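The values are calculated or read from the model by the stated rules, or taken from the named source; none is laboratory data. As the structure is a prediction and not an experimental result, all values here were calculated from the model. Cβ: placed from backbone, ideal geometry, glycine included. Neighbour counts: every protein chain shown. Accessible surface areas use protein heavy atoms only, side chains included; no ligands, DNA or RNA. Shrake-Rupley method; radii C 1.70, N 1.55, O 1.52, S 1.80 Å.
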Amino acid sequence: MSKQLYKNTRILSGLIVRRDRVRIPVWLVSLTALTIIVAAAFTDLYKNEGERQAIAETMKNPAMTAMVGQGYGLENYTNGAMMAHQMLLFTAMAVAIMCILLVVRHTRADEEDGRIEIIRSLPAGRLANLHSTILVLFGTNVLLALTVGFGLNALGIESMDLEGSLLYGAALGASGIIFTAITALFAQLSESSRGTIGFSIAILLIAYLLRAIGDISNEALSWLSPLGWILGSEVYVNNYWWPIILTVGVAVILVILSLYLNAIRDLEAGFLRAKTGRENASPFLLSPFGLALRLQRTGLIAWALGTFILGASYGSVLGDLESFFAGNDMMENLLLPVEGFSLTEQFLTMLMSVISMICTIPPVMAMLKLKGEESKNRTEHLLSRAVSRIRMIGSYFAISVVCGFIMLSLAAIGLVAVGNSVMEEGIAFGRLYSAAMVYLPAMWIMIGLAVLLIGVAPELSGLVWAYLAYSFFVVYLGGLLQLPEWMSALSPYDHIPKLPVEEIDYMKLFLLAIIAIVLIAVGFIQYKKRDIQG
C-alpha cells in the first residue's frame, strides 16, 4: 500500500523538470553567478588586511548586525569571512524565495487549476505529486550547493578553501531545503496558493526578524530561526557543519508531516479553514476596479508594511555612515565625491535608486495580476458582461500607478523618520521625499512595459522582471564592477537625477514620462484588439 501512494513519482518528477526547464536553470545560474562575481569583487576592493579590518570595525554597529547578521571572524576579517558575513544571509533568503515560488507552483497552484485532479485520475499515487515536487526541489538545492561551493573554490582566493566553500554552498542549499519543507507543509494547511505563499513568506520574514533581534540582544532567539541556524555555521571562520545537518533534519521531519497531511486531506481542502465571506458583495465590488483591488488587497497591504520597514531599516544605519565610509575603497568606487555634500547625502542618492527599484515590484505585480486572471479564464466572465476591455485594463493600471506612489512614499517616510532619530543633523523631509518621488517616471516605464507586454504578448510578460533585475544589477553594482556606461544607460533608473546632489533635469523626466505614455497607450490599444487567451 505504501508503494502505491508514491506510484510514478519518477515520471512526475520528470514532468516537473520539463515544465521548469527554464525557471530552474535561470535561478541556479543567477544565484551562482551573483555569488561568484561578488566574491571576486571583494578581493579587488580590499587588497590588504588593514582595509578589511577597517570595514570589520564598522560591522560591529548593532544596526549592521541586525541587517546582515552577527559577524564571525571580525578579529581577522579575511575575504572569506567578509563574504560569508555580508552575502550569505541575503543570498539564503533569495534561495528561500525561489523554493517557495516553485513549490507553490507545483502543489497548491496546480491543485487550484485542476491539474492534480487529472494526475490522480491516472495511475499515479496519492502522494506522488507532492513527493516529486519535494524531490525536484531538494535536488535543485543540492545542485546549487555544489555549483556555488566549487565555483567559490575555483576563484583560488586564499581564505576561501574547499571546505569553507562547500559549506557556503551547503548553507544556501540547506536554506532552500528547509523552506521547501515549510512551503510543502503550508500547501497542506492553507486552502489556496495565495495563502500558501503568504504564510511561507511570513515565516521567512519572522525568521529574519527573530535572527535580527537575537543577534543584537539575546542569542537564544537567533537559534529559533532557520536563518540563525544557517549563519551559525560560521562559514570560512570555524566551518561548523552541524547547523546544516540540523536544518536538513528539521526539513525531513516537516516533509514527513506534509506527506501525512496530504494523505489524509481531501483534494482542494485545507486544514486552516478560510474565513466565511459575506452573503452579499459590497457596492465597491460592483466595478472592475473594486474587484481588482479586492483580489490584491492583502498582498498590497503586506508590501506597504514591508516598504515602510525597508525604509526604516536603512534609516537606522544613517547615524554611523560617515565612519563607515572613511577610507572605504568600495564606497569610493560607488560614490563620486561631490563638493558641498556629505558622504551620507551622496549615499542617499544610491540608496533611493535601490529603494525605488524594490518599490517597483508591487505595482508591476499589481499590473501583471490581470494576465494571471486571464490565464485562469476569469476575465472572460467579466468581459461577457457590460465591461469594456479598456475599463478592465484601466482598473489594474490605476491600481498599479497609485500603488507605486504609495510604496515610494512609505519607504521615504520610514527612511526619514528613523534616519533623523539617529543622525546628529537630520535631513529635511521635503528634500528626501523629492529624492524619492523623482523616480516615479522610471517606475512608470516599468509599469508601461508590463502593460505593453499584456497587450501585445502576454506570454512574454515575465520579461519585465528580467528587465527590472537587469536595472538593479547595472545601477547598484555598475560602479562597483566598473561596467561600461552604456549598460547602465539602458535602464530608466540611470537617467533619474540624483537628488539632492544633482540638479533636477525636467527634460529627462519629461522624456521618460513620454516613453511611459507611449508604452501604456500601445498596450491599451493592443489589449483591446487581441484575443483573450484562457
(message) Taking 0.36 nm per residue of sequence separation and subtracting the Cα-Cα distance, how much length would be gained by fully extending the chain between ALA398 and ILE245, in nm to one decimal?
(response) 50.2 nm
(message) Using helices alone, I'd like the mean residue ellipticity at 222 nm for the chain: each DSSP H run of four-plus residues gives -39500 (n - 2.57), total over residue count, nearest 500.
(response) -24000 deg cm²/dmol
(request) Only loop residues by DSSP count here, and only those with at most 14 other Cβ atoms within 10 Å; note down the GluC sites (Glu not before Pro) in region 202-298 that meet that. (result) GLU268, GLU279
(request) Counting only heavy atoms of the protein chains, get the accessible area per residue of region 164-207 (1.4 Å probe) and round it to a whole Å² value. (result) 23
(message) So, taking all protein chains as they sit and a 1.4 Å probe, how much accessible area belongs to HIS381, in Å² rounded to tens?
(response) 120
(request) Might you report the magnitude of the Cβ-based charge dipole of the chain about its Cα centre, with Lys and Arg at +1 and Asp and Glu at -1, to the nearest 20 debye? (result) 3080
(message) Given R₀ = 41 Å, what would the calculated FRET efficiency be for LEU143 paired with LEU122, taking r from the Cβ atoms and rounding to 0.05?
(response) 0.90
(request) Hand me the GluC sites (Glu not before Pro) from region 370-444 located in a DSSP loop with no more than 16 other Cβ atoms within 10 Å, in residue order please. (result) GLU424, GLU425
(request) Obtain the radius of gyration and the Kirkwood radius of region 22-86 from its C-alpha atoms and give Rg over Rh. (result) 1.08
(message) If each residue of separation counts as 0.36 nm, what is the full-extension length gain between LEU189 and ILE11 once their alpha-carbon separation is subtracted?
(response) 61.5 nm
(request) Give the share of C-alpha pairs in each 10 angstrom bin for the chain, from 0 to the last occupied bin, in whole percents, shortest bins first. (result) 3, 16, 26, 27, 18, 7, 1, 0
(request) At 7 Å along the Cα-to-beta-carbon direction for both SER313 and SER384, put a label point, then send me their distance in nm to one decimal. (result) 4.5
(request) Give the ranking of LEU102, LEU15 by solvent-accessible surface, highest area first, calculated with a 1.4 Å probe. (result) LEU15, LEU102
(request) Quick one: accessible surface of LYS369, probe radius 1.4 Å, all protein chains present, in square angstrom to the nearest 10. (result) 60
(request) Pull out a ≥ b ≥ c, the square roots of the eigenvalues of the alpha-carbon gyration tensor of region 393-498, then state rounded if a/c is under 1.5, prolate if not and a/b is larger than b/c, and oblate in the remaining case. (result) oblate
(message) Which lysines, if any, have their Cα less than 28 Å from the Cα of LYS47, not counting same-chain residues under 8 positions apart?
(response) LYS60
(request) Just check region 177-326 against the gyration tensor rule for me: Cα atoms, a ≥ b ≥ c as the square roots of the eigenvalues, rounded for a/c under 1.5, and otherwise prolate or oblate depending on whether a/b exceeds b/c. (result) oblate
(request) Set the Förster distance to 51 Å, then compute FRET efficiency between ILE36 and LEU224 from the Cβ-Cβ distance, nearest 0.05. (result) 0.95
(message) Let's test the formula: R0 of 51 Å, r as the Cβ-Cβ distance of PHE510 and VAL252. What FRET efficiency results, to the nearest 0.05?
(response) 0.30
(request) Kindly provide the GluC sites (Glu not before Pro) of region 430-534 that DSSP labels as loop, not H, G, I, E or B, and whose Cβ sees at most 14 other Cβ atoms within 10 Å. (result) GLU502, GLU503
(message) Apply the a/c threshold of 1.5 to the C-alpha gyration tensor of region 381-444 and tell me whether it is rounded, prolate or oblate.
(response) prolate
(request) Subtract the Cα-Cα distance of GLU502 and VAL22 from 0.36 nm times their separation in residues, and report this length gain in nm to one decimal. (result) 168.7 nm
(message) Past 27 Å, Cα to Cα: identify those pairs from LYS371/LYS529; LYS371/LYS508; LYS275/LYS376; LYS369/LYS498, in the order given.
(response) LYS371/LYS508; LYS369/LYS498
